[in-house]
Amino acid sequence: MDTCDDPPYEELVEHQQDMLVKFSPEGRLLFVNTAYCDALGKTREELSGSVFMPATDQRYSEVMATQMTGLFRPPYACQVEQWISSPRGPRCISWSARSITDGNGGVIAIVATGRDITRLQREHRAIRKRDEELMLLLESGKEMYFTHSSDHTLHYVSPRIRAILGAGSRSGKRLWTDYLTDNPLNAKGLERTLKAISSGRREPPYRLEFYGRNNSTVWVEVNEIPVIKNRQTVAIAGYLVDVTEKKKVEEGLIEAEILLKNYGDRKKNGRDPADENNGGPFAALKSIFSPKKSEDEGDVPLDIPDNLQ
């Protein structure tokens, strides 16, 4: 195995905390420094000629091999992560490798520096787990969260919002206004968003009608607040609540109130509403909240099985 003959360079290499290796194009180790030996708990003699980056997992091995093909074509460099077994247990090493060429594009050797990033990887894993738990918590309530820029470009959209709007997770960045119906009431909601962006102050909740999946429409109540940076509104953050069913009930109650008022007016004027074709206010209310029969349906008798008669 190669050694460093020049004392200053030998000190520089051997006192590195990072791991330094040199290996052949076939992947056999030609040189390792002390840090690499210590990380694997082996001597130079044991490591000499051994395979660099051994991987027992087939999928893991294929991923590394794919990444390392960059060593055999310009720019003759690559970065790859490797999990190794060490006296301290599994360790994740981040390698930065570069090829030594013969001047004609042929690779004669490869040098690499490695740094232990196990702690960083575990921290990232903990962060991902925390984010997943936080997302589960957020998605368990009735509120569906979102953020968009001051020019209405969506940044974050709750998976449940995507579901009710029929928007795929890979649909790319879009304007939230793209999903609005042509309902004139939407103009009032848009006006409040624009006002919040320009003033930097929170506006009262408002409602919007969106196009949903399968050509349906969805009513939502919007609660939002401007995000201020350097006295400028840089984003809008908030949540939606699906009020489609609530909207239908409200509309039914308004219609019922009108019918009852008309009934009272007719009775006050000396006309008996019970004699009219509508059958009184309760029949009218029943027609509002009951499923309507089609004209072809008629009074069709139920086909009751013999064993239930």
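The values are calculated or read from the model by the stated rules, or taken from the named source; none is laboratory data. Here the structure is a predicted model, which means the values were calculated and not measured. Reconstructed Cβ throughout: ideal geometry from the backbone, glycine too, with neighbour counts over all protein chains shown. Quick note on the areas: whole protein, heavy atoms, side chains included, nothing else; ligands and nucleic acids left out. Shrake-Rupley method; radii C 1.70, N 1.55, O 1.52, S 1.80 Å.
A few notes on this one:
- Out of every Cα-Cα pair that region 65-216 contains, those further apart than 22 angstrom amount to 65 percent.
- Probe 1.4 Å, accessible area per residue of region 184-254, Å²: 63
- Across the protein chains, with a 1.4 Å probe defining accessible surface, the residues 72, 31 rank 72, 31 from largest area downward.
- Residues listed by number, region 203-235, amide nitrogen under 18 Å from residue 174 label point at 7 Å toward C-beta: 208-220
- Projected label distance in nm at residue 88 and residue 111, using a 7 Å step from Cα toward the beta-carbon: 2.5
- Distance between modelled label sites at residue 126 and residue 9, nm, 7 Å Cα→Cβ extension: 4.2
- Paired Rg and Dmax values of region 111-170, which use every Cα atom, in angstrom: 17.3, 56
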